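Engineer: Have a look at this one.
The values are calculated or read from the model by the stated rules, or taken from the named source; none is laboratory data. No experiment lies behind these values; they were computed from the predicted model shown. Here Cβ is always computed from backbone atoms with ideal geometry, including for glycine, and neighbour counts include all displayed protein chains.
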Amino acid sequence: MRKYGNIFANVDWATILIYLALVFIGWINIYAAVYSEDHHSIFDISQRYGKQLMWIGFALVLALIILMLEGQFFTSFAYPIYGVVMFSLVAVLLIGAKVNGATSWFQIGSFKIQPSEFAKFAAVLALSKYLSTLSINMKDIKTKMMAMVIIGLPAVLILLQNDTGSTLVYAAFVFVLYREGLSGNILLFGILAIIVFVLTLIFGPINIVITAVFGYIIVYGLLKFNLKVTLAALAMFGLAVFVYFNYQLSQHVIYYIIGACLFLLVGWLIIKKELKGKRTHYVGVAIFVMACLYIISIDFTFNKVLKEHQRTRITVLLGEEDKLIEQIEQLKVERDMPDISAEKKQELRDDIGEKRYSLRQLRQGNGWNIKQSLIAIGSGGFSGKGFLEGTQTKFDFVPEQSTDFIFCTIGEEWGFLGTFILMVLYTALFLRIIFLAERQRSIFSRVYGYSVASILFFHFVINIGMTIGLAPVIGIPLPFISYGGSSLWSFTILLFIFIKLDSERLNVLR
Amino acid sequence: MNNLSNRKFIVGLIFLVIGVIFSIRLFTIQVVNDDYKNDSDQNVLREIVQYPARGLVYDREGELLVYNEAAYDLMVIPKQVDTLDTLAFCKLLEIEKVEFVTKFNKAKAYSTYKPSTLVKEISSISYASIQEQLYKYPGFYVQTRTLRRYPRNSAAHILGYIGEVNQSTIEKKPYYKSGDYIGKSGLEYSYEELLRGQRGVKRVLVDVHNREKGSYKDGTNDTMAVRGTTINTTLDIVLQEYGERLMANKKGSIVAIEPQTGEILALVSAPNYNPNMLVGRAVRKNYPILSTDSLNPLFNRALMAQYPPGSIFKTVQALIGLEDGVISENSGFPCIKSLVNCHNHPSAQNVAQSVKMSCNPYYYSVFKRILQQRRAKSIFKDSEIGLGIWNKQVLKFGFGQRLPTDLPAIKRGTVPGIDFYNRWYGEGRWAFSTIYSLSIGQGEVEVIPLQMANLSAIIANKGYYYVPHLIKNVENSDTIPSIFMKKNSVGIKKKHFDPIVEGMFGVVYEPGGTARRARINDSIVVCGKTGTAQNPHGADHSVFIAFAPKDNPKIAIAVYVENAGFGGAWAAPIASLMMEQYLIDSIGTNNLAKEKRVLEANLMNVEFKE
C-alpha cells in the first residue's frame, strides 16, 4: 500500500528531530569556533559558518529528494551505486587532488568533493543487498568471504588514498555482521586483542606473559587437575618470577595479574564451551602458546611495523610522556658513568637523541593537540564559558577547531551540560536506529539500519574519544556537527535512506 | 533466529556503555578536575606589569635631586622563540654569543612560558635599532623600566641607591617580585614605600602565536600603575655641595642642622662618591671598586663613625654640673696640670671662661663633683651612683642612642654606664679616679657627627632638640612622621645655657679663645667650641661645633676632620665657611683666603704619630 502525496507519511520524527538538533548544534559551534569581530554575521558566506549553512541547505534538499524516492529504488540500485562509487574511488587515485597528504578529493574549480565519504553508504547498500539474498547463511564460509570483500574493497581503496581514518571506519561493520550471525567470539576476540595490545605496550611483553602464565596455571590447573598441583605449579613459577623481578620491580603488578586472570578465565570458558570437552587439553595449550606469541609480537609490530607518527599517536594516548622523560634521564646517568667505552657512550648518545626527538614530536604534535583539546574541554567546567566566550578554541590553541576538534568548542563554551546533552542525543540516536532496525520486516532494511548505527557510532567513538584522550588521534569527522559538505551530505544520505526504508516497512511483505 | 535477535541487546549495551563511559570521563575532566581551568588561563592570559615611575626627590629650595630616566629591558619567553639566527641577534644586541647562550639557557631553566629578562637596561639609542628589528624574533619583547638619575652628582650617602630585591626580601614582603627594584640605602631605603609607588597589572588575552587579542574581561580587573610620591627634603643642596668641596681630600664629616626644627641642611661624609656610579648596569662594575677602596667611600661617617668627642663634650659636663648644683656659673677651679694635662692659660674664674679656654683640670674637678656627692660611704659606690645619674642625663642629649632619624644604618655611639665599667673593671673596682678621662670627652665615650651637630643645636636652642631629619614634606600630605615634630627636652634649665653660650662666644671672639678662625664678619655672631680628640690610631682629630647667629640661631653645625690636629686649625674654618655660605649665600672677600686654604688642603695622608 503506497501513500502518494505525503512524503512525510510514517517517517520517524524522533530520528529526524535528533538529526536537526545535531546539525543546528554543529552550525552554531562552527560559528563560535571561527568567530571573529570582522565577520560577525552568522550568514556570512565567505566564512565557514556561512558555508556550512549552505551545506545544511543542500543536505535538507537531499533528504527531501530521498524521501520522495521509492525505497525500492535503493534496493534495486544497490549494486550499480556500489559499482559507480568504487569506480570513482579508483578514479580519485588517478586524478584526485592531494589535501593534507591524502589523495581523496575531486576538485572542480573551487568546489571539492570527497568520494570516500559516499563509499560508506554505497558499501552499506551493497552489504544489505547481499545479506538479504534468500540463500544466504552467515555460517557459510563463502558468505563471510563475500561480505568481507564488499566491505574490504572500499576500505583498501581508501587506504591507498592514504586516508587511514576513513579506512578504519569499515571496522564498524563487525557489529552488523555480529547481529546477522557472525560468531560472538570474533567480536570478543577483537576486543580482547585490543586490550592485550594496549596492556602490552604499557607494561611490556615480559610482564604480560608472566601474568598470562599465572592466570593460565590457576584457571587450567583448577579445572583439570587438583588444588595441590596448582599450588605447586604456582610456587615454582612464582619463584622464577621473583628472581626476574629482583631486577625490575613494577608497581603495577597487582593490577594486571587481576586483569589477565579475568581475561584468561573468560577465554577459557569460551573455548571449553566451543569444544565441548573434546581434547580441550591440547587445544588449550595451543591457544595459550599462540596468545603468548601474539603478546611478544606486539612489541615487534609496534617498533618495526608501525610508522613513526602512528607510534607517537599510541604513545600519546597511553600517556607515556613521563615514561619517555624518565628513560632519557636514566640514559643520561648511564652516559655520564666514568667507566664506559667511547663506543658505548656514542651509542647511548644516539639513543638519547632519538628519544628526545620523539619527546619533541610528542609535545609539539599529537601530544600537544590532545593536551590543548583536554584543556579546552576541561576549562569549560560545569556550565561552560558561554556562547562565543571560549578562548582556547578561538585563539587557535586547539587545531582543526571547526572540523575534527569541533567537540572542544562545545566542551569549552557549553561545559558539562552541553557535552552531556550531546552524549544523550547521540546515544539516543544510535539506540533509536537499532530499535527501528529491529522492527523492519525486510532483512535489507535491518542490515541497512544496523550499518547506519554502527558507522555513526564508530565516528562518534573515535572523534570524541580522541578529544578527551580515550582514543588515538585519527582525523574523522563528528557526524552532522563537524564542518564540511561531503561528510554532512554523506551522513544525511546514509540516515535518510534508512528513514525512508523505515517509513515503508509496512509495505514490505514478510 | 531468536538467538540472533537477542544480539540487539548486546549491540545496544555496547553503544550505551560507551555513552556512559564518555559522560563519566567528561564529568571528570570538566567538573571534578580543576587543573585544566588553570592551564586554560595560563594559555591565554598574559600579565603585563606596569612599572610605576619612582618618586622624585627635591631639596629644600625645590632643586631636583633625583629623577627617573627610561631604560629598556629585553625580555624573552623561551617557548615562543623560533629558530633563531643567534649570530645576527647577538650582533643586534651588541653582546657576546656565549653570554647570550648562557642567559638564554638560564631563562629557559627558570621557565619556558614565563618571561625572563635577557638583557637589562638597553640604552635608548640601541633600543631604537633593536625595536625596528624585533619583529623578526618571536618570543622577544622590550619592557620599559626606569633608572634613577642624580643631576647634582652629590649627596650620595643621603640619597642612597636602589637595586634588585634579593630573595629574602621577596619572601618577607610579598609586594616584591623577582627583578623589582628596592631602595638599598639612604632615603631610597627609608622612604621606599612612598617612593616606589604602586605597580599596575594589565591582563591581556593572547592567541597561540602570543599575539594580543584584547584585554581580559574588558580590563575591569586591570590596575593602573601609581607613580611614586614626590619627596621634598630639608637638604640645602648648594650647602651640601659646598661642604663636599670643602671636605675634598679630607676624611671626616660635616653635619648642619636648623636648630629650631631639627632639619638637616647638609650631611657630608668624606670621602664620598658620585651617586650615578651606582645606577643600573654600572653597579656591577662600580660597586666592587667602591667597596674595596681603602678609603671606604661607601661608609657614611656622619652616621656610622663613632669618635671620641674631645673638648666639645665639656659643654655637656658644664651643663650637668650646673643643673646638679655642684657648680654655679661663677665657680672657678685652678688649672692644676698634675690632675690632667692642659695647655698654658690663666685659670678659669667661671664656667664661661672654662669653656672659652677649654681647661682640662677645670672639667676634671667638675666631673669629680658630679660623680662624688657622698651619696655612699665607699668612694667606689659613690662614683657608681654618680655615674648612673650622669649617664641618664647624658643620654637625654641624644648621645649613646640611635637617633631615630630617617636614614638607615646609624650608630648609637657609647655613653659608658655602670654596667659598662662593671664589665670592664669588675663591680666595686672602679671609681672617679679610674674614669676621669670622660670629663674631657676622652676615654670610653664615643659619639657620631650627627650627635655632635645635635649637641650644637641643643645649646643653640638652650635646652631642647628635634630629632634631626631629612624629610621636609611629602606630596599630597601635610604631615611628616610625628617623631620629627616632637620637642625633646634635655632636662636642663634654660638659664644654665647662658654661661655656655657666653663661653662659646668667647671661643671665637675673646682673647685666649681657641677658634678665632671661626669668625665670619661683623654682622654675624658665631658661637663655637673646639675639640682636639686624641685617638689611638693616629694624629688628633680636629673637632668643632658651632651655631650662628648667637641670637636666634639659624644653623647649628658640627665638623669632624680626622687626623687634622687642633680643632681650631681645620674644623673651625670649615664650619665657619659653611655657616657663611648658608646664612649669606656666598663667601665674603674677607674670607676668600680662608676658603682657599681649606680647599687646597690635603689632609688625607697625615703621618701617623707613633
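Engineer: From the list B:Leu438, B:Leu387, B:Leu407, B:Leu450, pick out the single residue that is more than 32 Å from the chain's Cα centre (by Cα) and modelled with pLDDT of 90 or more.
Structural biologist: B:Leu387
Engineer: Considering only residues that are of a type in the set (Gly, Ala, Ser), part of a loop (DSSP other than H, G, I, E, B) and out of contact with any Ser or Thr (no Cβ under 7 Å at 6 or more places or on another chain), which ones fall in segment B:370-408?
Structural biologist: Passing the criteria: B:Ala376, B:Ser378, B:Gly398.
Engineer: Conditions first: (1) assigned to a loop (DSSP other than H, G, I, E, B); (2) over 22 Å from A:Cys408 (Cα atoms). A:Thr15 passes all but one, so which condition is the exception?
Structural biologist: Failed condition: (1).
Engineer: Follow-up question, since we're still on this one. Does B:Ala270 count as without any contact (Cβ under 8 Å) to a residue 60 or more places away in the chain, under 25 Å from B:Arg149 (Cα atoms) and in contact with a Ser or Thr (Cβ under 8 Å, 6 or more places away or on another chain)?
Structural biologist: So B:Ala270 passes the test.
Engineer: I'm checking my understanding of the structure. Among residues of segment A:401-429 that are of a type in the set (Phe, Trp, Tyr) and at the interface with chain B (Cβ under 8 Å from one of its Cβ atoms), which one is farthest from A:Lys371 (Cα to Cα)?
Structural biologist: Across segment A:401-429, the extreme among qualifying residues is A:Tyr426.
Engineer: How do the pairs read when you match residues in segment B:575-598 that are farther than 14 Å from B:Val268 by Cβ with residues anywhere that are assigned to a helix (DSSP H, G or I) and of a type outside the set (Asp, Glu), using Cβ under 6 Å and keeping only pairs 6 or more apart or on different chains?
Structural biologist: Once the first residue is farther than 14 Å from B:Val268 by Cβ and sits in segment B:575-598, its partners that are assigned to a helix (DSSP H, G or I) and of a type outside the set (Asp, Glu) give B:Ser576/B:Ala518; B:Lys594/B:Pro573; B:Glu595/B:Leu577.
Engineer: Are there helices (runs of 4 or more DSSP H) fully within segment B:279-339 with at least 2 residues that are in contact (Cβ under 8 Å) with a residue 12 or more places away in the chain and more than 30 Å from B:Phe547 (Cβ to Cβ)? List them.
Structural biologist: The helices (runs of 4 or more DSSP H) meeting that bar are B:282-292.
Engineer: A:Ala471 fails exactly one of the following numbered conditions: (1) at pLDDT 95 or above; (2) within 11 Å of chain B (Cβ to nearest Cβ). What is the number of that condition?
Structural biologist: (1)
Engineer: Tally the residues that are in contact with a Phe, Trp or Tyr (Cβ under 9 Å, 6 or more places away or on another chain) and in a loop (DSSP other than H, G, I, E, B), restricting the search to segment B:422-450.
Structural biologist: Residues that pass the stated criteria total 11.
Engineer: Next up: If you check B:Leu4 against the conditions, is it buried (at least 18 other Cβ atoms within 10 Å of the Cβ) and farther than 30 Å from B:Glu475 by Cα?
Structural biologist: Judged against the criteria, B:Leu4 is not a match.
Engineer: So, one more: So which strands (runs of 3 or more DSSP E) are wholly in segment A:76-174 and hold at least 3 residues that are crowded, with 16+ Cβ neighbours inside 10 Å?
Structural biologist: It comes to A:102-108.
Engineer: Please find, among A:Ile468, A:Ile481, A:Ile497, A:Ile464, the residue that is buried (at least 22 other Cβ atoms within 10 Å of the Cβ) and farther than 30 Å from A:Leu374 by Cβ.
Structural biologist: Testing whether each residue is buried (at least 22 other Cβ atoms within 10 Å of the Cβ) and farther than 30 Å from A:Leu374 by Cβ leaves just A:Ile497.
Engineer: With away from chain B (no Cβ under 12 Å), of a type in the set (S, T, N, Q) and under 30 Å from B:Tyr36 (Cβ atoms) as the only criterion, which of A:Ser482, A:Ser445 stands out?
Structural biologist: Answer to the selection: A:Ser482.
Engineer: Quick check on segment B:125-156: of everything there that is under 23 Å from B:Glu188 (Cβ atoms) and among the polar types (S, T, N, Q), which residue is surrounded by the most Cβ atoms within 10 Å (Cβ to Cβ)?
Structural biologist: The extreme case among them is B:Ser154.
Engineer: A follow-up question, please. Among (1) more than 14 Å from chain B (Cβ to nearest Cβ); (2) at pLDDT below 80, there is one condition A:Lys394 misses while meeting the rest; what is its number?
Structural biologist: It fails just one condition, (1).
Engineer: Taking A:Ile56 as the residue in question, decide whether it is within 28 Å of the chain's Cα centre (by Cα), surrounded by 13 or more Cβ atoms within 10 Å (Cβ to Cβ) and either of a type outside the set (Gly, Ala, Ser) or farther than 30 Å from A:Met146 by Cα (or both).
Structural biologist: Yes, satisfied.
Engineer: Taking only segment A:377-391 into account, find how many residues are farther than 17 Å from B:Asn33 by Cα and facing chain B (nearest Cβ under 9 Å).
Structural biologist: The number of residues fulfilling the criteria is 1.
Engineer: Tell me the residue from B:Thr230, B:Thr234 that is touching a His at 6+ places or on another chain (Cβ under 8 Å) and either touching a residue at least 40 places away in the same chain (Cβ under 8 Å) or assigned by TED's automatic domain parsing to the domain that holds B:Asn591 (or both), please.
Structural biologist: Only one candidate passes the filter, namely B:Thr234.
Engineer: Turning to a different aspect of this structure: Among what's in segment B:476-495 and is modelled with pLDDT of 90 or more and part of a loop (DSSP other than H, G, I, E, B), pick the residue that is farthest from B:Ile389 (Cα to Cα).
Structural biologist: B:Met485
Engineer: Also, I was wondering about something else. If you take the residues of segment B:218-242 that are in contact with a helix residue (DSSP H, G or I) (Cβ under 6 Å, 6 or more places away or on another chain) and buried (at least 22 other Cβ atoms within 10 Å of the Cβ), which of them is farthest from B:Met485 (Cα to Cα)?
Structural biologist: B:Tyr242
Engineer: If B:Arg46 passes every condition in (1) closer than 30 Å to A:Gly380 by Cβ; (2) touching a helix residue (DSSP H, G or I) at 6+ places or on another chain (Cβ under 7 Å); (3) surrounded by 14 or more Cβ atoms within 10 Å (Cβ to Cβ) but one, which one does it miss?
Structural biologist: (2)
Engineer: Return the only residue of A:Ile95, A:Ile141, A:Ile151 being within 23 Å of the chain's Cα centre (by Cα) and of a type in the set (Val, Ile, Thr).
Structural biologist: A:Ile151
Engineer: Kindly establish whether B:Ile21 is modelled with pLDDT under 90, more than 21 Å from B:Tyr150 (Cβ to Cβ), among the β-branched types (Val, Ile, Thr) and over 32 Å from the mean Cα position of the chain (by Cα).
Structural biologist: No; evaluated as a whole, the condition is false for this residue.
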